[in-house]
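Have a look at the structure below, then the notes.
Where a number appears in this text, it was derived from the coordinates with a stated rule and is not lab data. Predicted, not measured: the structure shown is a model, and the values here were computed from it. Cβ placement follows ideal geometry from the backbone for every residue including glycine, while neighbour counts extend to all protein chains displayed.
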Amino acid sequence: MTPDLSGPEAVLRAAIPDVAPAAQLVVRWRGRQIHAGAYGWLDPLTYQQPTQPDTLFDLASITKLFVVTTFMTLVEAGQVAIDQPVAEVLPEFTGRRKIAPYEDPLKPGTFVQLVTDADDVDVGLISFQQILTHTSGLPAWRPLFRQGNRDAARSMALGTAWAYQPGTRIVYSDIGLITLGVAIERLTGQTLDVAVAERVTAPAGLVHTRYLPIGGADGPAPQLVAPTEECAWRCRRVVGEVHDENAAALGGVAGHAGLFSTASDVAAFGQLLLDGGPPVLQPATVAEMTRVHAEWEGTRRGQGFALWSPDPEASSYPFSRRTFGHTGFTGTSLWVDPDRQLVVALLTDDVYYGRANRGIARLRLEVHRAIVETIDALPDSWVKTC
């Protein structure tokens, strides 16, 4: 028998196309897929091109999980250590740098200034552990896409001013994961997309998960990819190209964003982690990545992973306290609940309608609540026989 997930499916169908034009939902429970659905249309104006199970969605920051996993394969191979200074891999990541306000990505023209006792930071002391836990002192964001070319964008990321004294708080940082991606390239001698493919997606059998380098000759047809936002910088709607401007400026391949995939692939990746990591990682590594390494003002971080939040409005809240995963700005999410043996991959393109007045936070919460209520309502006798 298979649990009846008509409840969460009804929630999702009711949100199409108002909250998001297109969506996929895959749920895995006790080691098997118990639900897979594709909803909506890639063109919500004409109700054309229905979403398919193999429609690719821009994963946005879920990319970070694949990049961190790639890095951990290098740790297991002895090529790098978690507590190693980043400067030992990236010599340009060194020197004393001032602490300064940084641009707010969601409020153009305004700056974020964090309270700190220090005036500058010795960058050479920053470790990969601090990058992975978002405690490095790096700013959340910088406008790399305004630098004119890829090399200048990368130089800005690696040469940025700091935002706060390392280790004193958690500031979720795209710049940190961009740095990690560059480090992976230095360690492997490969471009990041090749390293992620060879070390994670290929061995895991994730046939739909890949970067779409800008200008690449073998990209998918536009009708196979969920469109995202009408981009003010690019002066067009983005489809078949990474939504994130900084990732686009880096050629579509970056440590913080750029992967495209399907909910079935993302859920399979979650299942791999739930099962302990083989054939990609060892169970001890996955256990270490997904435990609490940093906690500040209710935010809990593993090594690269977001962890269960005590905030009742957080999308992870309906799950158990050992839950780990990530969300993506385009409207995507992956959560893995070890206590329930549950994996939920919800992919949407809700950013299609822009960045204001979005309903994705509420939609995630409602879908996750409905899934958990269904699973938890199953009688013991039913669970034991399935």
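Summing +1 for each Lys or Arg and -1 for each Asp or Glu among the other residues whose beta-carbon sits under 15 angstrom from that of R369 gives -4. For segment 106-229, relative contact order (Cα pairs under 8 Å, six or more residues apart, normalised by length) works out to 23 percent. Annotation for K107 and Q223: the two label points, set 7 Å from Cα along the Cα-Cβ direction, are 4.4 nm apart. Dipole magnitude for segment 69-192: about 340 debye, using +1 per Lys or Arg Cβ and -1 per Asp or Glu Cβ, origin at the Cα centre. P(r) tail, the chain: Cα-Cα pairs separated by more than 33 Å, 27% of all pairs. If a/c stays under 1.5 just call it rounded; otherwise compare a/b with b/c (prolate if a/b is bigger, oblate if not). Do that for segment 78-127, with a ≥ b ≥ c from the square roots of the Cα gyration tensor eigenvalues. Here segment 78-127 falls in the prolate category.
Here, P(r) means the percent of Cα pairs in each 5 Å bin from 0 to the largest distance; for segment 1-111 it is 2, 8, 10, 11, 12, 12, 11, 10, 10, 9, 3, 0, 0.
Using C-alpha pairs under 8 Å with a sequence gap of at least 6, the mean separation divided by the residue count of the chain gives a relative contact order of 23 percent. Treating r as the C-beta distance of V207 and D311 and R0 as 35 Å, the FRET efficiency rounds to 0.45.
Across segment 263-363, the mean sequence separation of Cα contacts (distance under 8 Å, 6 or more residues apart), normalised by length, yields a relative contact order of 21 percent.
Coordinate range of the alpha-carbon atoms in segment 69-192 per principal axis, descending: 43, 34, 24 Å.
Distance between the pseudo-spin-label points of R236 and E198 (7 Å out from Cα toward the beta carbon): 3.3 nm. The phi torsions of segment 351-362, fed into the Karplus equation with coefficients 6.51, -1.76 and 1.60 and a -60° offset, translate into couplings of 5, 3, 8, x, 9, 9, 6, 7, x, 5, 4, 5 Hz, rounded to whole numbers, with Gly and Pro shown as x. Specify the residue with the greatest mean-square fluctuation among P50, P85, P108, computed from a Gaussian network of the chain linking alpha-carbon atoms under 10 Å apart. Result for the chain, Cα springs under 10 Å: P108 fluctuates most. If you average the alpha carbon positions of segment 59-127 and of segment 317-377, how far apart do those two centres end up, in angstrom? What the calculation gives is 27 Å, centre to centre. With all pairs of separate Cα atoms included, segment 130-256 yields a Kirkwood hydrodynamic radius of 15.8 Å. Note the direction-averaged projected area, equal to a quarter of the hull surface, for the Cα convex hull of segment 310-386, in nm². Average projection, Cα convex hull of segment 310-386: 5.5 nm². Measuring from a point 7 Å past the Cα of A284 along Cα-to-C-beta, which residues in segment 68-95 have an amide N at less than 16 Å? Correct set: 72-83.
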